[in-house]
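Here the structure comes first, spelled out in structure tokens, and everything after it is commentary.
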Amino acid sequence: MSGAGVGGGAQSAGLGAAAAGCCSSSSGAGSAALFGGVSGIAGRLPSRVLEHMFSYLELADLMNCSLVCWHWYNCLADENSEVWRSLCARLLSEEALRSDILCNLASYKAKLKSFQHALSSHDCSRNVYIKKNGFTLHRNPIAQSTDGARGKIGFSEGRHAWEIWWEGPLGTVAVIGIATKRAPMQCQGYVALLGSDDQSWGWNLVDNNLLHNGEVNGNFPQCNNAPKYQIGERIRVILDMDDKTLAFERGFEFLGVAFRGLPKACLFPAVSAVYGNTEVTMVYLGRPLDG
């Protein structure tokens with residue numbers, strides 16, 4: 001099964017929508033045009049010169065550059081190079097870089113990839129917003145409403161892991177899981193929004209119930225006297241679109257597979273909350289390690 005670690009090698013294959021299995025359209029034309037094509041002088045430039053040029057490019061352009069030729073790919077292979085550091089400084093907030101939000105990501109490139117996959121400020125309830133750090137959802141104190149958010153990028157194949165943790169009271173319902181694009185992200189009342197229909201799957205951290213299609217699919221984890229979630233505790237979510245399963249880890253403990261037989265569809269990380277002024281943070285980690 002999936003271990004607690006995340007494979008660093010998965011980061012080097014490119015970023016965001018260019019990675020296989022990501023349900024998001026890639027942008028930008030081939031970046032060879034930026035430097036006149038690899039058959040010209042750009043294909044023979046020293047790595048330090050290329051790094052200087054690359055440091056001025058945006059993320060989508062760098063992703064394309066890594067696919068142009070081996071020389072450019074190798075130049076961008078160092079995930080802690082000045083290219084990725086400078087892009088992190090431009091795109092990520094100072095809070096995200098200096099706090100422990102991204103502490104489990106070893107490289108600047110991994111941090112950028114996580115930012116690409118963070119909770120979306122455009123695909124969420126009107127009663128929530130994403131804080132300036134780019135990773136934390138804040139729910140406004142709105143009565144009789146359940147509010148959620150999806151990640152920016154969904155997955156239709158491959159294996160993916162991300163961490164989620166609450167930084168405020170759970171309230172009566174606090175659900176983490178996955179959803180299709182068709183699943184609602186807001187409803188009236190205080191309910192388990194994720195898992196309320198056939199378009200989402202959720203684990204309610206308050207009562208440890210698994211939810212799908214408006215029904216309780218049993219308790220999770222399946223053990224006697226399962227411990228309750230503690231505020232600030234990081235839960236690792238593992239989505240395997242090849243085996244069509246969703247599993248969870250707490251700390252370094254694998255809790256088991258929660259859902260099997262997931263559909264062949266684009267599935268997004270998702271959360272739903274009911275408590276006013278509570279906050280939820282999600283950090284995409286990449287491909288989980290086997291072990």
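Structure notes:
- For the range 131-253, the Kirkwood estimate of the hydrodynamic radius, built from every pair of different alpha carbons, is 15.2 Å.
- Length-normalised contact order of the chain in % [C-alpha pairs under 8 Å, at least 6 apart]: 24
- Using the alpha-carbon positions of the chain, Rg (one decimal) and Dmax (whole number) come out as 19.8, 67 Å.
- Across the range 99-160, Cα-Cα pairs farther apart than 17 Å form 49% of the total.
- Globularity index of the range 229-279 is 1.34 (Cα radius of gyration / 2.2 N^0.38 Å, N = number of residues).
- Too-long pairs where the Cα-Cα distance tops 25 Å, listed order kept, from K132/K228; K152/K228; K111/K132: K132/K228; K152/K228
- Electrostatic tally near Q230: other residues with Cβ closer than 13 Å to its Cβ, Lys and Arg +1, Asp and Glu -1, net +1.
- Potential lengthening of the chain between Y129 and S93 amounts to 11.4 nm, from the contour at 0.36 nm per residue minus the alpha-carbon distance.
Values in this text are rule-based calculations from the coordinates and carry no lab data. Given the structure is predicted, the values throughout are model-derived calculations rather than measurements. Cβ coordinates were reconstructed from backbone atoms using ideal geometry, including for glycine residues, and neighbour counts include every protein chain displayed.
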